[in-house]
């Protein structure tokens, strides 16, 4: 989801090129999002607590995946303080997979969603 149509067009071209059938690209603002998804995948657009608040209620409770449904978030820099409150968070260093300088400080943050009840 992005408010910029050009970005969504590129994402849709990648989806089509890879023949993915389980990905949805949406041209809209997060405030207008009302559907539920297995995963919300995003580049860092806000601090994690803010982003979690924005997408509250948008992650499906039932999971059919190896990992519990949640957030996959591309972030850079030191995340220790920002993620301290999230006990189940996992951080994957992209520099372990990619050697280009761009990825040196980039990470994928996986935050499984907890549900009450």
Cα centroid separation - region 86-113 against region 26-66, whole Å: 18
Hey, rough spin-label estimate for residue 33 and residue 85, points 7 angstrom out along Cα→Cβ, what's it come to in nanometres? 1.9
From the helices alone, meaning DSSP H stretches of at least four residues, give me the mean residue ellipticity at 222 nm for the chain, per-run term -39500 (n - 2.57), in deg cm²/dmol to the nearest 500. -5500 deg cm²/dmol
For semi-axes √(5λ) of the Cα gyration tensor in Å, calculated from these coordinates, the label among (i) 24, 14, 12; (ii) 21, 20, 15; (iii) 36, 14, 9: (ii)
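Under 8 Å for C-alpha pairs, at least 6 residues apart: give me the relative contact order for the chain, rounded to a whole percent.
Relative contact order comes out at 22 percent.
State the antiparallel share, in %, of DSSP beta bridges confined to the chain, rounding to the nearest 5.
Around 60 percent antiparallel, to the nearest 5.
Using the beta-carbon distance between residue 12 and residue 98 and R0 = 30 Å, what value does 1/(1 + (r/R0)^6) give for FRET efficiency, to the nearest 0.05?
Here the calculated transfer efficiency is 0.80.
Each reported figure results from applying straightforward, stated rules to the coordinates on display, with no laboratory input. Keep in mind it's a predicted model, so treat the numbers as computed, not measured. FYI the Cβ positions are ideal-geometry reconstructions off the backbone, even for glycines, and counts take in every protein chain you see.
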